[in-house]
Each structure stands twice: as C-alpha cells, then as structure tokens.
Amino acid sequence: MKAYKELGKEELLALREDLNKQYEEAKAKGLKLDMSRGKPSSAQLDMEKDFLGMVISDADVTTETGVDCRNYGLLDGIPEAKKLLADMLGVSPDNVIVFGNSSLSVMYDTVARSMVLGVLGNTPWCKLDKVKFLCPVPGYDRHFAITEQFGIEMINIPMSENGPDMDLVEKYVEEDPAVKGIWCVPKYSNPQGYTYSNETVKRFAALRPAAEDFRIFWDNAYAIHDLYEDKSDDLLEILSECEKAGNPDMVYEFCSTSKVTFPGAGIAGIVASAANIAQIKAVMTIQTIGYDKLNQLRHVKYFKNIEGMRAHMMKHAQIIRPKFEAIENVLSEELGELKIGSWTKPVGGYFISFDAMEGCAKEIVQKCKEAGVVLTGAGATFPYKKDPQDSNIRIAPTYPSEEELRVATDLFVLCVKLVSVEKLLK
Ligand code: PLP
C-alpha cells in the first residue's frame, strides 16, 4: 500500500467510501471497550491472590526494631518498608519516607505544602505574583491537573527519546526565578515509555536554578516495570547525581507499589535529601500520627526483598508483554507504510504514545468512542488539555483482555485511516 499522501483525489475518495463502510459495520457490533487508563487487568489482580489473602498473625505484627504495627508510631514508615522502597530506587533508606496508598497524593501534598508553607524557609509560592512549572509533553494528565488547580502557569517542554529538551529546561530554570518546578516521569514515561538518558539526568543534576526553591518533581512511577527480562532501560539515580553536582536538595522523587500490588492499596514513598526530609516530616507530624504500617508490613512480608519484588514484576510482564506486542504488530502491519502516524515501542511502563497527522487526534478519539472504544481524551497529555498539534493519543494496553485489545486496536487503526483520509481530502 502506498503512503496516503501519494494518493490522488479519486483514490482517496474510493478509499474513504470503503473505510466508511467498514466503520459502519464495526459500529454495528456495539463494542464496549476501554483503552483509556493505565490500569492492571483482572488477570494481573487475580495474580495477587496470595497477597490479598495474606493474614498478618499476632506473632508477626512487630517490626525488626520491635515496634508494634497495630499501634501509632513510626511517622516515616517501618524500617523494612523504607528499605524495600529504597532498594527499588537505588537510594539509602535514610532518604525515604513511606506514606499511604498513593504517590499522586504525596505529589499533591508536596505542591500544596510549597504553596502554603514554602520550601526550606523560602517565601510560600502562594505569596508570589507568579509561579511556573515546566511540563515535558506529552505527559501525565494528573500532574498537569495538580499544577492547574493551584493556578501555577504551565510551560510545555518537548520530549525526545532521551527526555525533555534540556536546552530549553536550562534556559527557563536558570533565567526565570518564577520557575519553581518541573514534572518528570523519568523511566518508561507516561505516555511515551521513554527513559531519560544519563546525559539528561546529569544535566538535570547540574542545573543552576534562578530560584533557590526550584525542585525537580521526579515521579519514578515505573522504576521496576520492565516488559522483558533481557532488555530494559536503565535510569541514572538522580539523588546522588544532584548531591555530586552540589545540588543535594533540588529533587523530590516519588514512587509507589500501585502497579506492583494493587492500585489504590499499595504503599507510596518520597525520596529526598536530609534537609527536605526534615521539612516534610515536620509538616507531616501535624498532618497525621502515621500511615498504615500493617500494609507496609504486608508488602515486606510478601516480597521479602527487592529480588522478590523484581521476580514478581516479571509475572506482571508475562501478562502485559503480549498486549504491547499485539498492538505493535497491528500498528506496523496496518499503518507501517501509510505514513499517517507514528508510535513508540517501549520496553516497559504502561503506555504507548501515538502521534496522528496534525489536526486528527480529537476526531480519531471521537470516532473510536462512537464505535464503543474509549481512549484517553485527545489533548489530555498536555497542560490545559491543549495539544497544539492535535496529534497525540495515549494508548493504554493493559486493562482489556488480549482478545478485546485486538478488536479495539483494529477499530483504532480503522479510525486513524478514515480520519486521515478525510483530512487529506479537505
Ligand atoms: N504517576 C504516574 C506517572 C502514573 O502514570 C500514575 C498512574 O497511572 C501515578 C503516578 C499514580 O500513582 P499512585 O497510584 O501511586 O497514586
């Protein structure tokens, strides 16, 4: 098949008629499928039966330091859980605080704390005329929702396979004191599945911010979420890089076990320098007497150590990998030569990012919806839900079954073709 752009008008008209017929037939099937959010499938959740059924007996309720997990205490988490999350990210347990069930709420609190109370003695952001965040795009919609809610101005920074455009990041961070933060998903990014290169991490660590209270919001949500045993991306550990570069306090790193055990019922953590940890703990002590230590203990007893956790992630990978590969196969077979879209081929994480021809994403998502397949809203991967090119679509392969995914991807491909032909005929 020739690239669509090389087709003449008559050929495009005939193609449109044929594609429209196929679309009406697909619509008549009354599909009801969801490829919108990065959620584990029920097969993955079923895999956690042993975890779900894990009862902590009376004999087991104390930490290795002798603290009873049924009672108040240990504001920053049990030592065993700190070690587990520290090993997950390659840092020291001293730099970890274990929170409750969601890293997103830790990120929200971190922005809220900076707004209301300020960062390490600096003026609270809410007292400043202007606060700005850099947002690598496409990115995670819920990050952008947090900064939007607090009235923080968001600035798009283009992403490449190596991470955000660091020339631009350096320019904004080093020249504008109103720039207080940047959202990063450094490994298997949401939605592209890109991992920041060593050079990118080093350039981050070496930033010389105009604002003393500038912070990198390093959301390492997919730190151990590899799809393959024999090929995975490596991410340089940022906290020690920042320390080496003379910027020990510049980063807040976030993580959770949401996609290791259960989303909404895992444990979350923050990683930061001693000074940042001290400030966060001082605020936390007003906010809570402590998080759910029994759940922390359950995680530790279930995995035992980081090796146990990694082995467990390979079981997830066995379920997820064929879904990523099925999508890749359909996309390259059906669209490979048509030059109406490009997409990423990640070796980990939860998403594939698809770029349609400019001005087509909204219409593709709408057409899929009308035929019963829900995708993440077009534009959602950009601040203010505004994709300037109207081209990016996030595909979340994990939730549907393999069979459902094939049907949904076929429909997606059909809609991409139809909308592209219509665009070329305009
Ligand atoms: N960060 C990223 C990049 C995500 O993709 C997600 C969920 O999709 C989250 C955070 C949410 O994490 P949690 O469940 O720990 O709040």
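Bear in mind that the values in this text are calculations on the coordinates, not laboratory data. Predicted model, so just to flag it, every value in this text is computed and none were measured. In this analysis, Cβ positions are derived from the backbone assuming ideal geometry, glycine residues included, and neighbour counts consider all displayed protein chains.
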Quiz prompt | Members of the stretch 370-418 that are of a type outside the set (Val, Ile, Thr), closer than 24 Å to GLN44 by Cβ and in a strand (DSSP E or B) | solution = LEU375, ARG394
Quiz prompt | Out of PHE133, PHE144, sole residue that is buried (at least 16 other Cβ atoms within 10 Å of the Cβ), of a type in the set (Phe, Trp, Tyr), in a strand (DSSP E or B) and within 16 Å of the ligand (Cβ to nearest atom) | solution = PHE133
Practice problem: Just one of (1) surrounded by fewer than 17 Cβ atoms within 10 Å (Cβ to Cβ); (2) touching a residue at least 12 places away in the same chain (Cβ under 8 Å); (3) part of a helix (DSSP H, G or I) trips up GLU325, so point out which. | Solution: (2)
Quiz item: Here are PHE303, PHE354: which of them is within 22 Å of ILE267 (Cα to Cα), among the aromatic types (Phe, Trp, Tyr), away from the ligand (no atom under 16 Å from the Cβ) and surrounded by 19 or more Cβ atoms within 10 Å (Cβ to Cβ)?
Solution: PHE303
Quiz item: Of all residues in the stretch 79-107, which are within 20 Å of THR285 (Cβ to Cβ) and out of contact with any strand residue (DSSP E or B) (no Cβ under 7 Å at 6 or more places or on another chain)?
Solution: PRO79, PRO93, ASP94, SER105
Practice problem: Inspect all residues belonging to the stretch 328-344 and state whether any of them is within 23 Å of GLN318 (Cβ to Cβ), crowded, with 21+ Cβ neighbours inside 10 Å and in contact with a Ser or Thr (Cβ under 8 Å, 6 or more places away or on another chain). | Solution: yes
Practice problem: Would you tally the residues in the stretch 355-376 being more than 11 Å from CYS415 (Cβ to Cβ) and in contact (Cβ under 8 Å) with a residue 60 or more places away in the chain? | Solution: 5
Quiz prompt | Subset tally (residues that are aliphatic (A, V, I, L, M) and within 7 Å of the ligand (Cβ to nearest atom)) for the stretch 257-272 | solution = 1
Self-check item: Odd one out for LEU424, checked against (1) more than 16 Å from the ligand (Cβ to nearest atom); (2) surrounded by 19 or more Cβ atoms within 10 Å (Cβ to Cβ)
Solution: (2)
Exercise. Please indicate, with yes or no, whether at least one residue in the stretch 334-350 is β-branched (Val, Ile, Thr) and outside any loop (DSSP other than H, G, I, E, B).
Key: no
Quiz item: If we keep just the residues of the stretch 213-229 that are away from the ligand (no atom under 12 Å from the Cβ) and not in a loop (DSSP other than H, G, I, E, B), which is farthest from VAL116 (Cα to Cα)?
Solution: ASP226
Quiz prompt | Matching residues, the stretch 230-256, being within 11 Å of the ligand (Cβ to nearest atom) and either of a type in the set (Lys, Arg) or surrounded by fewer than 17 Cβ atoms within 10 Å (Cβ to Cβ) (or both) | solution = none
Practice problem: Output yes when any residue across the stretch 55-62 is touching a helix residue (DSSP H, G or I) at 6+ places or on another chain (Cβ under 8 Å), surrounded by fewer than 16 Cβ atoms within 10 Å (Cβ to Cβ) and among the acidic types (Asp, Glu), and no when none is. | Solution: yes
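Results for (1) hydroxyl-bearing (Ser, Thr, Tyr); (2) closer than 30 Å to GLU337 by Cβ, shown as yes or no for each residue.
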| residue | (1), (2) |
| --- | --- |
| LEU15 | no, yes |
| GLU24 | no, yes |
| MET35 | no, yes |
| ASP46 | no, no |
| PHE51 | no, no |
| ILE56 | no, no |
| GLU64 | no, no |
| TYR72 | yes, no |
Practice problem: Working only within the stretch 16-50, note down all residues that are among the charged types (D, E, K, R) and more than 16 Å from the ligand (Cβ to nearest atom). | Solution: ARG16, GLU17, ASP18, LYS21, GLU24, GLU25, LYS27, LYS29, LYS32, ASP46, LYS49, ASP50
Quiz item: Here are LYS293, LYS259: which of them is surrounded by 17 or more Cβ atoms within 10 Å (Cβ to Cβ), closer than 30 Å to LEU405 by Cα and basic (Lys, Arg)?
Solution: LYS259
Quiz item: If you scan the stretch 269-316, which residues turn out to be touching a residue at least 24 places away in the same chain (Cβ under 8 Å) and part of a loop (DSSP other than H, G, I, E, B)?
Solution: ALA272, SER273, THR288, ILE289, GLY290, TYR291, ASP292, ASN305
Quiz item: Mind checking whether some residue in the stretch 51-72 is of a type in the set (Phe, Trp, Tyr), assigned to a loop (DSSP other than H, G, I, E, B) and within 16 Å of the ligand (Cβ to nearest atom)?
Solution: no
Quiz item: Of all residues in the stretch 1-23, which are within 30 Å of TYR399 (Cβ to Cβ) and either among the polar types (S, T, N, Q) or over 35 Å from the mean Cα position of the chain (by Cα) (or both)?
Solution: ASN20, LYS21, GLN22
Quiz prompt | Residue count, the stretch 147-197 (criterion: within 16 Å of the ligand (Cβ to nearest atom), in a loop (DSSP other than H, G, I, E, B) and over 23 Å from THR376 (Cα atoms)) | solution = 1
